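Undergrad: Structure below; questions to follow.
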Amino acid sequence: MTAPEVEIFLHENIPLTRAMGVRVARADDHEVRLSAPLGPNVNHLETGFGGSLATLAILAGWVCLRLKIGPPNQIVIRDVQMKFSRPIEGDFEAVCTSPSHREIERFEARLSRRGRAKLELDVTVFERDQPACSMRATYVASRQLAGESAVVSFQAAPVPVQ
């Protein structure tokens, strides 16, 4: 799935992403980069609203994992820890580097064995290439059973194992 296809998917399935002005700058085997303008994400102090920063970070992690494991698996957020190091005064970007092939292999093995697995991902939110906040989140995937309808799904591109 290409970055423009991911963006369309997000806007059609998660309406908040359209309201926030989320754009997908990159979504591939190595990294996910989502961006958002300050305008619709501003707080009463004219800086970035913490909820918007957290939302963009959570979405970046979710897309990153979704591209790795794809349907029929369902992914939800389980736990989030955010650290805000400075105010954001302009447009911002959330970056999630893909887990290693080894981490994904272990994750997929647990998912196959147990029908459920969890994975921690780190995301950094930048403004003008300077870190402004960081997130560590646990995502949980569960295997969709045959006959169940998918709540949210998109096709993941195959990832070569190295």
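The values are calculated or read from the model by the stated rules, or taken from the named source; none is laboratory data. Small disclaimer: the values here were computed from a predicted structure and weren't measured. No Cβ is skipped: glycine too gets one built from the backbone with ideal geometry, and neighbour counts run over all protein chains shown.
Undergrad: On the basis of being modelled with pLDDT of 95 or more, under 17 Å from GLU93 (Cβ atoms), within 12 Å of the chain's Cα centre (by Cα) and aliphatic (A, V, I, L, M), does LEU10 make the cut?
TA: Values: modelled with pLDDT of 95 or more: yes; under 17 Å from GLU93 (Cβ atoms): yes; within 12 Å of the chain's Cα centre (by Cα): yes; aliphatic (A, V, I, L, M): yes.
Answer is yes for this residue.
Undergrad: Check ARG26 against each of (1) touching a residue at least 24 places away in the same chain (Cβ under 8 Å); (2) surrounded by fewer than 18 Cβ atoms within 10 Å (Cβ to Cβ); (3) of a type in the set (Lys, Arg); (4) touching a helix residue (DSSP H, G or I) at 6+ places or on another chain (Cβ under 9 Å) and name the one condition it does not meet.
TA: The number of the failed condition is (1).
Undergrad: Okay, moving on. Would you check which residues across region 93-129 are in a strand (DSSP E or B) and of a type in the set (A, V, I, L, M, F, W, C) and list them?
TA: Kept after step one, since they are in a strand (DSSP E or B), are these residues of region 93-129: 93-97, 116-127.
Correct list: ALA94, VAL95, CYS96, ALA117, LEU119, LEU121, VAL123, VAL125, PHE126.
Undergrad: Would it be correct to say that GLY90 is within 21 Å of PHE126 (Cα to Cα) and either small (Gly, Ala, Ser) or surrounded by 16 or more Cβ atoms within 10 Å (Cβ to Cβ) (or both)? Let's see the steps before the verdict.
TA: On the way: within 21 Å of PHE126 (Cα to Cα): yes; either small (Gly, Ala, Ser) or surrounded by 16 or more Cβ atoms within 10 Å (Cβ to Cβ) (or both): yes.
Yes, satisfied.
Undergrad: Let me ask something else. Tell me which residues, restricted to region 1-23, are among the β-branched types (Val, Ile, Thr) and assigned to a helix (DSSP H, G or I). Outline the logic, then answer.
TA: From region 1-23, those among the β-branched types (Val, Ile, Thr) are 2, 6, 8, 14, 17, 22; that's our starting set.
Matches in region 1-23: VAL6, ILE8, THR17.
For every residue, the table says whether it meets (1) modelled with pLDDT of 95 or more; (2) farther than 18 Å from ALA132 by Cβ; (3) among the aliphatic types (A, V, I, L, M); (4) assigned to a helix (DSSP H, G or I).
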{"position": "ALA25", "(1), (2), (3), (4)": "yes, no, yes, no"}
{"position": "GLU46", "(1), (2), (3), (4)": "yes, no, no, no"}
{"position": "LEU53", "(1), (2), (3), (4)": "yes, no, yes, yes"}
{"position": "ALA57", "(1), (2), (3), (4)": "yes, no, yes, yes"}
{"position": "VAL63", "(1), (2), (3), (4)": "yes, yes, yes, yes"}
{"position": "PRO71", "(1), (2), (3), (4)": "no, yes, no, no"}
{"position": "GLN74", "(1), (2), (3), (4)": "no, yes, no, no"}
{"position": "ASP79", "(1), (2), (3), (4)": "yes, yes, no, no"}
{"position": "ILE88", "(1), (2), (3), (4)": "yes, no, yes, no"}
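Undergrad: Is it true that some residue in region 93-103 is surrounded by 15 or more Cβ atoms within 10 Å (Cβ to Cβ), closer than 20 Å to GLY39 by Cβ, in contact (Cβ under 8 Å) with a residue 40 or more places away in the chain and touching a helix residue (DSSP H, G or I) at 6+ places or on another chain (Cβ under 9 Å)?
TA: Yes: region 93-103 contains one or more residues that are surrounded by 15 or more Cβ atoms within 10 Å (Cβ to Cβ), closer than 20 Å to GLY39 by Cβ, in contact (Cβ under 8 Å) with a residue 40 or more places away in the chain and touching a helix residue (DSSP H, G or I) at 6+ places or on another chain (Cβ under 9 Å).
Undergrad: Being under 19 Å from MET1 (Cα atoms) and either part of a loop (DSSP other than H, G, I, E, B) or among the polar types (S, T, N, Q) (or both) is the filter here, so list the residues in region 28-44 that pass it. Walk me through how you get there before you give the answer.
TA: Pass one, region 28-44, residues under 19 Å from MET1 (Cα atoms): 28-35.
Residues satisfying the conditions are ASP28, ASP29, HIS30, SER35.
Undergrad: Please identify the pairs in which a residue from region 64-76 that is free of Cβ contacts under 8 Å to residues at least 60 places away in the same chain has its Cβ atom under 7 Å from the Cβ atom of a residue that is surrounded by fewer than 21 Cβ atoms within 10 Å (Cβ to Cβ) and part of a loop (DSSP other than H, G, I, E, B), counting only partners at least 6 apart or on another chain.
TA: The qualifying pairs are CYS64/SER98.
Undergrad: Is one or more of the residues making up region 41-50 of a type in the set (Val, Ile, Thr), closer than 26 Å to ARG106 by Cβ and touching a residue at least 24 places away in the same chain (Cβ under 8 Å)?
TA: Step one: filter region 41-50 for residues of a type in the set (Val, Ile, Thr), giving 42, 47.
With closer than 26 Å to ARG106 by Cβ added as a condition, the list becomes none.
Among the residues of region 41-50, not one is of a type in the set (Val, Ile, Thr), closer than 26 Å to ARG106 by Cβ and touching a residue at least 24 places away in the same chain (Cβ under 8 Å), which makes the answer no.
Undergrad: What number goes with the only condition from (1) farther than 16 Å from VAL125 by Cα; (2) in contact with an Asp or Glu (Cβ under 7 Å, 6 or more places away or on another chain) that LEU38 does not pass?
TA: Among (1) farther than 16 Å from VAL125 by Cα; (2) in contact with an Asp or Glu (Cβ under 7 Å, 6 or more places away or on another chain), the lone unmet condition for LEU38 is (1).
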